[in-house]
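Student: Structure incoming, see below.
Here, each number is a calculation from the coordinates, and none is a lab measurement. What you are looking at is a predicted structure, and each value in this text was computed from that prediction instead of being measured. Heads up, the Cβs are rebuilt from the backbone with ideal geometry, glycines too, and the neighbour counts pull from every protein chain shown.
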Amino acid sequence: MSYLDATEKLQRDTAGAHIKAVLFDLGDTLLDFGKIQVAKIFAEGAALTYDYLKSLGQPVGSRGWYFLKYLARLRLRRTFNVLRGRDFDALASLREVGTKEGLKLTDEQWRQVAWLWYEPLTGIGCAEPDIVETLTALRDSGLKLGILSNTFVHGSSLDKHLEQLGILEFFSPRVYSYEFPFRKPDHRIFAAACERISEAPENILFVGDLIGKDIKPALKCGMFAALKEAHSNVGKRLPPGAHRIARISELPGLIRKLNAGSAGKHCSTQ
């Protein structure tokens, strides 16, 4: 079946159907990161930001002290916010701490600092080779597409990565947890995403890789849910009512099946 034929079939199947929007998790769903070597990625980000700030003549001190200082702060902030059930805004935190230490940067320079901390992840975070074709088919069939992700990485950095991959244009809204005083699996962030994408939960398919934070709360909110296979869910049992996909490219076929009536019953496709 050609791309045009597949899109036209999906359009016919989605007309007046259950699913009118798809919300995606980001990490290990839209973007495959695999098991991240956190220490290595942090060290690379620290080196990039230190060199950048040094080139601007900013008072950053020694390289070793800079590394240890930010490592301690990141661990403390992450632990504190996990206990509170929310994420912090990395860009706002960098600006707050840096300003107190005498850094004087423009808004654009602060965004560049945030990007350089994130940039090492772009070397390992990739999308499926046919992702543009898949997202185009979904969008052209009339489906709304959005992102709902737990993250402390600022939207300017995430959006830049998505733009580099050629897929930013497909997603509106993009709901990032650091914008809220709660995070997945809290039902309130799912409700916020429904509001932003302007669809009721029963008309939304949520795609994620974590059973506890993505799939179960999506089902509880009344959404359809599809578990994207990833290292984070190997060997884990699919909850009743959820569906499983190995690749994002399977979504058009799954949605056709759901809208044909089989998923109206929320039956498992294990």
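Student: Quick check on the exposure proxy: order D140, D186 from fewest to most C-beta atoms within 10 angstrom.
Tutor: D140, D186
Student: Still on this structure, please answer the following. In nm, give the distance between the simple-model label positions of K100 and F182, each being 7 Å from the Cα along the Cα-to-Cβ direction.
Tutor: Each label point lies 7 Å from its Cα, and together they span 2.9 nm.
Student: If you average the sequence gap of Cα pairs under 8 Å that are 6 or more apart and divide by the length of the chain, what percent do you get for the contact order?
Tutor: 26
Student: For T79 and A191, calculate 0.36 nm times their separation in residues minus their Cα-Cα distance, and state this gained length in nm to one decimal.
Tutor: In short, 37.8 nm is gained.
Student: If you build the Cα gyration tensor of the chain and take the root of 5 times each eigenvalue, what three semi-axes come out, in whole angstrom, biggest first?
Tutor: 37, 19, 16
Student: Under a 5 Å amide H to amide H cut-off, with H placed in plane at 1.01 Å, what residues pair with D209 once short-range neighbours are removed?
Tutor: Amide H neighbours of D209: K228.
Student: List the aspartates and glutamates whose Cα sits under 12 Å from the Cα of K228, skipping any in the same chain fewer than 8 residues away.
Tutor: D25, D28, D32, D209, D214, E250
Student: Using +1 on the beta carbon of Lys and Arg, -1 on that of Asp and Glu, and nothing else charged, what's the dipole of the chain about the Cα centre, debye to 20?
Tutor: Dipole of the chain, to the nearest 20 debye: 1120 debye.
Student: Follow-up question, since we're still on this one. Could you work out the longest stretch of the chain that avoids the GluC sites (Glu not before Pro) located in DSSP loops with at most 15 other Cβ atoms within 10 Å?
Tutor: 102-228
Student: With an 8 Å Cα cut-off and a minimum separation of 6 or more residues, compute the relative contact order for the stretch 38-122 in percent. List each step's numbers first, then the result.
Tutor: Values: 49 pairs, mean separation 39.1, N = 85.
Reported as a whole number, the value is 46 percent.
Student: Follow-up. For the chain, modelled as a Gaussian network with Cα springs under 10 Å, which listed residue fluctuates most, A114, A246, A230?
Tutor: A246
Student: Another question about this same structure. By its C-alpha gyration tensor, with a ≥ b ≥ c as the square roots of the eigenvalues, how is the stretch 38-122 shaped: rounded for a/c under 1.5, else prolate for a/b larger than b/c, else oblate? Don't jump to the answer; show the numbers that get you there.
Tutor: Details: a/c = 1.55, a/b = 1.35, b/c = 1.15.
It comes out prolate by the Cα gyration axes.
Student: Which value, in debye to the nearest 20, describes the size of the charge dipole of the stretch 140-270 about its Cα centre when Lys and Arg Cβ atoms bear +1, Asp and Glu Cβ atoms bear -1, and nothing else is charged?
Tutor: Value, rounded to 20: 520 debye.
Student: If R0 is 41 Å, what FRET efficiency do you get for L168 and D51 from their C-beta distance, rounded to 0.05?
Tutor: Efficiency, rounded to the nearest 0.05: 0.90.
Student: Moving to a separate point now. Suppose R0 equals 30 Å. What FRET efficiency, 1/(1 + (r/R0)^6) with r the Cβ-Cβ distance, do A39 and D140 give to the nearest 0.05? Present the calculation step by step, with values, prior to reporting the outcome.
Tutor: Details: r = 43 Å, r/R0 = 1.43.
Computed FRET efficiency for A39 and D140: 0.10.
Student: Tell me which lysines have Cα within less than 30 Å of K104's Cα, excluding those fewer than 8 residues away on the same chain?
Tutor: K104 reaches K40, K54, K69, K160.
Student: Follow-up question, since we're still on this one. I need the phi-derived Karplus couplings for the stretch 187-203: 6.51 cos²θ - 1.76 cosθ + 1.60, θ = phi - 60°, integer Hz, Gly and Pro marked x.
Tutor: Karplus-based 3J(HN,Hα) across the stretch 187-203 equals 4, 5, 6, 5, 5, 5, 5, 4, 5, 5, 8, 6, 9, 6, x, 5, 9 Hz.
Student: Show the residues, 5+ positions off or on another chain, whose built amide H is closer than 5 Å to the amide H of R244.
Tutor: Amide H neighbours of R244, under 5 Å, 5+ apart: L227, T269.
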